[in-house]
Amino acid sequence: MADILSRLAEGFGEAFTVANLIFAFFGVLIGTLVGVLPGIGPVTAIALLIPLSFGLDPVSGLILLSGIYYGSMYGGSTTSILIRAPGEVASVVTTLDGYEMAKQGRAGPALSTAAIGSFVAGTFSTLGLMLLAPALASVAIAFGSAEYFLLMLLALVMVSNLTTGSQLKALIATLFGLSVAMVGIDPQTSVQRFTFGVPYLSDGIDFALMAIALLALPEAFTNMAARGTSHLDAQRIQGSIWMTREDWRRSAGPYWRGSILGFLIGVLPDIGPSLASFLSYGLEKRLSKHPEQFGRGAIEGVAGPETANNAGVGGAMVPLFTLGIPGSATTALLLFVFMMYGLQPGPQLFDTNPELIWAIIASMYIGNVMLLVLNLPLVGLFAQLLKTPPAMLYSGVIAFSVLGAYALNFNVFDMLMLLGFGLVGYLMQRYDFPMAPAVLALVLGILAEQHLRRALSVANGDLMTFVERPISLALLIFIVLVLILPPAIRLLRARQAARHRGVVQNKPGGQR
């Protein structure tokens, strides 16, 4: 514990420099603005700003982009409460009671409990990250190339198998991301593959370009293609923004329950904040003495979900820092930024670059305080952003996307690829193909290939290397369970439902 505190003190020393304080402030400010504007999430903002972070010091660049990530979770509550339009999927549940409170003239307390709950969750999850990450990193040192390959395969399987919607579409999206990752020069044989004779593809397809094309452009195309797009009228913030003593009493329990639940779920790949907010809402409704108030303006229905989705951010950082495994599209972008700076997140990073990790953790404490100061007094100002015309907003997104793609290598070919893959992303979104598996496969594909080849090279091509050690065998068994259990459970439920319908129809009067 003493070592952790000394490392944290060093991290604060780095984070409290003038430059890093400025980058932390701009990160959380941009994140808040991104959260307030419906349809533009942290993934889009980080994808757009990756080219601009090329010239920054690694500490400053990662502090800026991390601030956007957790800052956007704060801002998403504003649109949920005032216009019933969540800026993020994780804020959907907040609309159920937050908007009802706003209609009753209690938008101020709703926004306040969301901001305070976000601060509590952000601080708690950062504390959990600080305590848990070094312990996991020390365990992960025992991982070899075989274990890392299986761990990355597990992440891809979980994202493909546990995502909502069609499992087939998730699998297709994953294979699409892996195929794009294969473009370029084979790292072992130096032979070009899938370049089709185009010299610009020899170095592969830039991840930043793909991230912008798949995450930023489809949302802009979708919104600009919609005809007759109109905004809901925002509810006015009436009276005081402060919470009453009764509001504080009813919010206290959801704060700590949502923090614990959100952090634990955030560690799981591709589940995180969205599921955490839904589970928190269900938990608070079940524990409430007045469940009938939920959906009619219960402050617990705002405090719990908002706390849970913010706690998920710190949880999602744990596997990224300790294992180098991103659990979502946003953390996949952060993994790419690490690699862009020549760093590989994982257990070795705590030994080789501890000042970087602890500076980021320290900046998260500082950023949460900045967010609380920003969100409480300036929420009325942020609400004015809701009046931005959609055409102007998404035209700006497209312009920044094209500019960012051109800034990567300063050639027109990258801009053409951006528009081509942007169209692919638009079609994927229109036909409900999930983006997260594609982005995750894109960033993990190269690393998984490297570890697979290294493991087989050390073992002289013997596939038994993946089952000889306890950790690799356990990971392999877990992958098989993840592949088998969800379909088996769905099949069992379908049979039970069919059996139940048959029993009902066979009863007298059961069939019309």
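So which aspartates and glutamates pass the test for Lys289, namely a Cα distance under 14 Å, with those fewer than 8 places away in the same chain ruled out?
Glu300
Would you calculate the separation in nanometres between label points at Thr222 and Ala2, each defined as 7 Å from the Cα along the Cα-to-beta-carbon direction?
In this crude spin-label approximation the distance works out to 5.4 nm.
If each residue of separation counts as 0.36 nm, what is the full-extension length gain between Arg469 and Leu419 once their alpha-carbon separation is subtracted?
Between Arg469 and Leu419, full extension yields an extra 13.4 nm.
Sort 429-442, 305-318, 282-295 for me by packing, meaning the mean count of neighbouring Cβ atoms within 10 Å per residue, highest on top. Walk me through the numbers before you get to the answer.
Working: 429-442: 21.4, 305-318: 32.3, 282-295: 14.7.
Listed from highest to lowest mean packing, they are 305-318, 429-442, 282-295.
I need the phi-derived Karplus couplings for region 475-484: 6.51 cos²θ - 1.76 cosθ + 1.60, θ = phi - 60°, integer Hz, Gly and Pro marked x.
Per-residue couplings from phi come out as 5, 5, 4, 5, 4, 4, 5, 5, 6, 8 Hz.
Amide H neighbours of Gln192 under 5 Å, counting only residues 5+ apart in sequence or on other chains, H built in-plane at 1.01 Å?
Asp186
Over region 2-62, consider all pairs of different Cα atoms and compute the Kirkwood hydrodynamic radius from their mean reciprocal separation; express it in Å, one decimal. Write out the running numbers ahead of the final one.
On the way: mean 1/r = 0.0762 Å⁻¹.
After inverting the mean inverse Cα-Cα distance, the result is 13.1 Å.
Output needed for region 409-512: three equivalent-ellipsoid semi-axes, defined as square roots of 5 times the C-alpha gyration tensor eigenvalues, in descending order, whole Å. Before the final figure, lay out each step's value.
Details: eigenvalues 369, 191, 10 Å².
Here the semi-axes work out to 43, 31, 7 Å.
Using only Cα positions of region 331-471, each an equal point scatterer, no hydration layer, compute I(q)/I(0) via Debye at q = 0.13, 0.17, 0.22 Å⁻¹ and quote the log10 values to two decimals.
Treating every Cα as an identical point scatterer, log10 I(q)/I(0) equals -1.03, -1.28, -1.28.
Quick one: 3J(HN,Hα) in Hz for region 192-197, Karplus 6.51/-1.76/1.60 with θ = phi - 60°, rounded, Gly and Pro as x.
Here the 3J(HN,Hα) series is 5, 9, 6, 9, 6, x Hz.
For an R0 of 45 angstrom, estimate the FRET efficiency from the Cβ-Cβ distance between Asp351 and Leu168 and round to the nearest 0.05. If you can, show how the numbers build up before the last one.
Numbers: r = 42 Å, r/R0 = 0.94.
The calculated FRET efficiency here is 0.60.
Arg501 versus Phe478, label points 7 Å from Cα toward the beta carbon: distance in nm?
Distance between label points: 3.7 nm.
Full-extension gain between Ile489 and Ser202, please, as 0.36 nm times their residue separation minus the C-alpha to C-alpha distance. Spell out each step's value before the answer.
Numbers: separation 287, 0.36 × 287 = 103.32 nm, distance 4.46 nm.
Extending this stretch completely gives an extra 98.9 nm.
Laboratory data are not the source of any read-out in this text; all were calculated from the coordinates shown. If you're wondering where the values come from, they're calculated on a predicted model, not measured in any experiment. Every residue, glycine among them, receives a Cβ derived from its backbone with ideal geometry; neighbour counts consider all protein chains shown.
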